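Have a look at the structure below, then the notes.
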Amino acid sequence: SLGDRHPDVATTLNNIALVYDSQGRYEEALAYYEKALSIGKESVGDRHPDVATTLNNIATVYRAQGRHEEALAYYEEALSIRKESLDDRHPSVATTLNNIATVYRAQGRYEEALAYYEEALSI
């Protein structure tokens with residue numbers, strides 16, 4: 001009823017991906033997140049907070065797979081959008097900073113992890 005490219009369709013695709021992610025079915029999750037990302041960028045724009053949420057979710061799948069560099073790239077893009085569209089001190093910014101820190105910690109990059117955790121904590 002809304003059409004294939006409506007933002008609500010992207011939300012539903014994102015939710016389906018979350019279920020697959022929770023089940024450890026990462027490739028299926030990524031496929032749904034990518035569809036949601038495409039619709040989100042088209043329907044609300046590349047720099048919208050909803051797009052940042054999907055980027056964050058994709059990064060979380062990559063982190064779970066141990067694909068740290070890919071996770072960092074998606075988290076950094078999500079962080080940029082959230083800082084620009086929400087505010088530097090928004091709780092969603094803190095969440096993304098925390099996620100980046102977690103990747104750095106997993107890589108043994110402890111000083112970088114601490115810096116991001118501290119920034120998240122200050123928010």
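The values are calculated or read from the model by the stated rules, or taken from the named source; none is laboratory data. All figures in this text were calculated on a predicted structure; none of them were measured in a lab. Positions of Cβ are generated from backbone atoms using ideal geometry, with glycine treated the same way; all protein chains shown enter the neighbour counts. Side chains are part of the model used for accessible areas, which takes the heavy atoms of the whole protein and leaves out ligands, DNA and RNA. Shrake-Rupley method; radii C 1.70, N 1.55, O 1.52, S 1.80 Å.
Cα axis of helix 26-44 to longest principal axis of the chain: angle in degrees, 0 to 90, nearest 10?
Taking Cα atoms only, the helix is inclined about 70 degrees.
Given C-alpha coordinates of segment 8-78, what is the ratio Rg to Rh with the Kirkwood estimate of Rh?
Result for segment 8-78 is an Rg/Rh of 0.95.
For Ser1, Ser80, what's the largest-to-smallest order of accessible area, 1.4 Å probe? Walk me through the intermediate numbers first.
On the way: Ser1 165, Ser80 55 Å².
Sorted descending by solvent-accessible area, the residues read Ser1, Ser80.
Keeping all protein chains in position, work out how much accessible area Leu114 exposes to a 1.4 Å probe, and write it in Å² to the nearest 10.
Its heavy atoms expose roughly 90 Å² to the probe.
Okay, helix-only estimate at 222 nm for the chain: each DSSP H run of n ≥ 4 adds -39500 (n - 2.57), divide by all residues, round to 500 deg cm²/dmol; what do you get?
-26500 deg cm²/dmol
Efficiency by 1/(1 + (r/R0)^6): what FRET value for Glu112 and Ala64, r their Cβ-Cβ distance, R0 = 30 Å, to the nearest 0.05?
Approximately 0.90, to the nearest 0.05.
Would you list Arg63, Arg105, Arg5 from the most to the least accessible area, probe 1.4 Å?
Solvent-accessible surface, decreasing: Arg105, Arg5, Arg63.
Keeping all protein chains in the complex and leaving out DNA, RNA and ligands, what accessible area do you get for Lys83 with a 1.4 Å probe, in Å² to the nearest 10?
For Lys83, solvent-accessible area is about 70 Å².
Would you rank Thr12, Thr53 by solvent-accessible area, highest first, keeping every protein chain in place and using a 1.4 Å probe?
Greatest to least solvent exposure: Thr12, Thr53.
Give the label of the value calculated from the structure for Rg and Dmax of the Cα atoms in Å, choosing from [x] 14.5, 51; [y] 13.8, 39; [z] 14.3, 45.
Read-out from the structure maps to [x].
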